[in-house]
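Heads up: the structure comes next, in structure tokens.
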Number of protein chains: 2
Amino acid sequence: MRATIMHAPGDVRVEDRDKPAIQQPTDAVIKVVAACVCGSDLWPYRGADVLHEPRAMGHEYVGIVDDVGADVKNMQPGQFVVGSFFASDNTCGICRSGYQTGCVHREGVGGAQAEYLRVPLADGTLVATPEMPDAGKVPSLLAASDVLGTGWFAAKAAEVGPGKTVAVVGDGAVGLLGILAAKQMGAERIIAMSRHADRQALAREFGATDVVEERGDAGVQKIKELTEGLGAHSVIEAVGTQESMMQAIQATRAGGHVGFVGVSHDVALPGRELFSSLVHLHGGPAPVREYLPELINLILAGDINPGKVFDLELPLDQAPDAYKAMDERRAIKVLLRP
Amino acid sequence: MRATIMHAPGDVRVEDRDKPAIQQPTDAVIKVVAACVCGSDLWPYRGADVLHEPRAMGHEYVGIVDDVGADVKNMQPGQFVVGSFFASDNTCGICRSGYQTGCVHREGVGGAQAEYLRVPLADGTLVATPEMPDAGKVPSLLAASDVLGTGWFAAKAAEVGPGKTVAVVGDGAVGLLGILAAKQMGAERIIAMSRHADRQALAREFGATDVVEERGDAGVQKIKELTEGLGAHSVIEAVGTQESMMQAIQATRAGGHVGFVGVSHDVALPGRELFSSLVHLHGGPAPVREYLPELINLILAGDINPGKVFDLELPLDQAPDAYKAMDERRAIKVLLRP
């Protein structure tokens, strides 16, 4: 089968690989219907993460179950499934508390930018749709697999709710879907921090009521001006740098909540400033599995259309172009079809 | 009047100073009945905080109202009051959300280790007891002014509650009263981290069910062993160093809560580790004012006896000895009587 392999920064190739097989009785193998390139895939692509050996890329996926291990009970070949980037048993104490990405048996899922994918702990990781979805729903279901689930978790972590003002740091797919999540959760005011016209437009379409183009201290100042000097109740951080984290913390009022989901890169939070800020800080790898049933229902009911973050669609063979387009910010997010 | 002044590290003197007067119509001046030395007073005493000029010490106090400004409505001379270390208006949006230490008009209160003390924003800062309390209640009411209120906030920030396992990092007065708070809030299991026999005994008296003597990685390992490998649901951090913060974060299970109230010193939290931990982090200067009415009621009803943290009582004139006893860890906390 064809699979996307990163050999070095900037060097992504589509190559022939063995089709994955069931290894554990709890595994499933799925035929990938759609996958995509993640913002986090750009870290090794840009050389910001070290790549020790060629890596099979992709951890966002929807597909059709091709084969299941002997112990898999909740799904069968032929069903359409959406999965998460961490496999989880969905039964341990941590999973039951809603933190499947902290599952005591968690395993990373990798190699989804390919024709077939092996998913460990299939019963606890995949969610099947009630029936085969319309083709038009596929991009949104794919978004649920990571970027929507991550934006959703960020909004939950930031305690978004009715009557609240929410600021969103980061205008990538996760930040934009954090806006959609905040809107769904009833936020009164949603401030998108973005300086790109196309992303501002999508932010407004997803529910942003205000746009702030300034960054850093100037961005914080602007958020304060919009909130009677107090700061936002809830801030979603979807970048992962020192600047974005400090911007998020400083833009939050005392007693407010920061939900951070940008994968941290060289971040060191100064204790004294965090102490003085009186904010709540929560985040990490989003427990997408926890939200998948709800998100799939919202998508199939037509209540949300997160698939709009895919502004470019390419066949799997053009995966290298997909990386290039996202690296050069010509695309927000690229969908790949095997 | 006599007042305690720190001139330099290790150099604390009781000197004559002018009795404070009303400066703003919202001020009160109180005759101090009891004050005490705070763990945070030891930072400048030990030279860990820079002292640019002589400082009037003390921010924990109970007393009798001596004089009030023209705008003070909620109290009158002769009433017994308990106050907080930050003055707050208790009416702004931040105060109303329960974060009086983030009040838009907040001011530090200082110089309580003295005969008289000026308290700004008296209506929003002080709470009067229904009647003159018994002398035996004074130490507990004094504890409410800071260490109890701070331990209480830490337990709230750590989301302590029924069925939960709580670990407490730090066996000073705040950590010990964090244990008392956790017990009051219904924690199922409370693990005190302490290697001092006297403090372990008080910890058990306040409600600790287990004691762990190990620190750092070994301490974390021990907490995991006691919690089926998962870590505590809630961890109270009451020290403020890099080691104690990391110990608290690492001892908390994914999805659990760290409440940190140790004043941060040279702490820099590694973003990637915080991200992976999936913990909630909340803390800072405790909004004691928020909890005072409830804490005063519990004390006057005899439900809690936080005054037990005072294991040494000295006349104000011996304030230098009080600092010495705490610095040398001969006393947990010293009460001073003017």
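The numbers here are math on the coordinates, done by the rules we state, and not lab data. Fair warning: this is a prediction, and the values are worked out from it, not measured in the lab. Using ideal geometry, Cβ is built from the backbone for each residue, glycine included, and neighbour counts are taken over all protein chains shown.
Rounded to the nearest 0.05, what FRET efficiency is calculated for B:VAL104 and A:GLU131 with R0 set to 60 Å and r the Cβ-Cβ distance?
Efficiency, from the Cβ-Cβ distance: 0.65.
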* **Set of lysines near A:LYS156 by C-alpha distance (under 20 Å), chain-local residues within fewer than 8 positions excluded** => A:LYS164, A:LYS183, B:LYS156
* Considering the options B:PHE153, B:MET246, B:VAL169, tell which one lies farthest towards the positive end of the dipole of region B:150-283, charges being +1 on Lys and Arg and -1 on Asp and Glu at the Cβ, about the Cα centre. => B:PHE153
* Asked: What does the helix-only formula give at 222 nm for the protein assembly as shown: each DSSP H stretch with n ≥ 4 adding -39500 (n - 2.57), the total divided by the residues, and the result rounded to the nearest 500 deg cm²/dmol?
  -> -8000 deg cm²/dmol
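Can you give the average number of partner chain beta-carbon atoms within 10 Å of each beta-carbon in peptide B:100-112, as a whole number?
If you average over the peptide's residues, the count of other-chain Cβ atoms is 2.
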* To do: Please figure out what share of the DSSP beta bridges in chain A is antiparallel and state it in percent, rounded to the nearest 5.
  => 55
* Sites B:GLN23 and B:ARG195, calculated FRET efficiency, Cβ-Cβ separation with R0 35 Å, nearest 0.05 -> 0.15
* To do: Give the Cα extents of the protein assembly as shown along the principal axes, in whole Å, largest first.
  => 86, 50, 41
* Structure fact -> For region A:236-338, the dipole about the Cα centre with charges only on Cβ (Lys and Arg +1, Asp and Glu -1), to the nearest 20 debye, works out at 140
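Hand me the chymotrypsin sites (Phe, Trp or Tyr not before Pro) from region A:135-231 located in a DSSP loop with no more than 14 other Cβ atoms within 10 Å, in residue order please.
none
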* Between the label point of B:GLU273 and that of the same position in each other copy, find the distances and list them shortest first in nm, with every label point placed 7 Å from Cα along the Cα-to-C-beta direction. => 1.9
* Using only the alpha-carbon atoms of region A:150-283, report the extent along each of the three principal axes, biggest first, to the nearest angstrom. => 38, 29, 26
* Structure fact -> Checked against the positive end of the charge dipole of the protein assembly as shown (+1 on Cβ of Lys and Arg, -1 on Cβ of Asp and Glu, about the Cα centre), the farthest of B:ILE191, B:ASN90, A:GLY58 is B:ASN90
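Just how large is the dipole of region A:150-283 about the Cα centre, in debye to the nearest 20, putting +1 at every Lys and Arg Cβ and -1 at every Asp and Glu Cβ?
About 260 debye.
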* Which distances, in nm and shortest first, link the A:ALA218 label point to the same label point in every other copy, taking 7 Å along Cα→Cβ? -> 5.4
* Could you point to the residue in A:ALA286, B:GLN221, B:ILE304 farthest towards the positive end of the protein assembly as shown's charge dipole, with +1 and -1 charges on the Cβ of Lys/Arg and Asp/Glu respectively? => B:ILE304
* **Cβ neighbours within 10 Å from other chains - mean over A:234-245** => 1
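Could you tell me how many cubic angstrom of Cα convex hull volume region B:15-146 has per residue? Kindly include the intermediate steps, with their values, before the conclusion.
Numbers: hull volume 16.5 nm³, N = 132.
That works out to 125 Å³ per residue.
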* To do: Calculate, for A:LYS73 and A:ALA218, the FRET efficiency according to 1/(1 + (r/R0)^6) with r their C-beta to C-beta distance and R0 56 Å; round to the nearest 0.05.
  => 0.55
* Asked: How do the peptides A:165-174, A:273-282 rank, highest first, by the average count of neighbouring beta carbon atoms within 10 Å per residue?
  -> A:165-174, A:273-282
* Asked: Between A:GLU328 and the same site in the other copies, what are the distances in nm, shortest first, taking label points 7 Å from Cα along the C-beta direction?
  -> 7.4
* Proximal aspartates and glutamates relative to A:LYS222, as straight alpha-carbon distance under 12 Å, when same-chain residues fewer than 8 apart are discounted -> A:ASP210, A:GLU213, A:GLU214
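To two decimal places, what compactness ratio does region A:109-229 give when its Cα radius of gyration is scaled by 2.2 N^0.38 Å?
1.25
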* Asked: With springs only between Cα atoms under 10 Å, which of B:VAL104, B:VAL12, B:VAL239 fluctuates most in a Gaussian network model of chain B?
  -> B:VAL104
* **Longest to shortest principal axis, alpha-carbon extents of chain A, angstrom** => 58, 40, 38
* Asked: Mind checking which aspartates and glutamates have their C-alpha under 17 Å from B:LYS73, skipping anything on the same chain fewer than 8 residues away?
  -> B:ASP27, B:ASP89, B:ASP123
* **Net dipole in debye of the protein assembly as shown [+1 Lys, Arg Cβ; -1 Asp, Glu Cβ; about Cα centre; nearest 20]** => 380
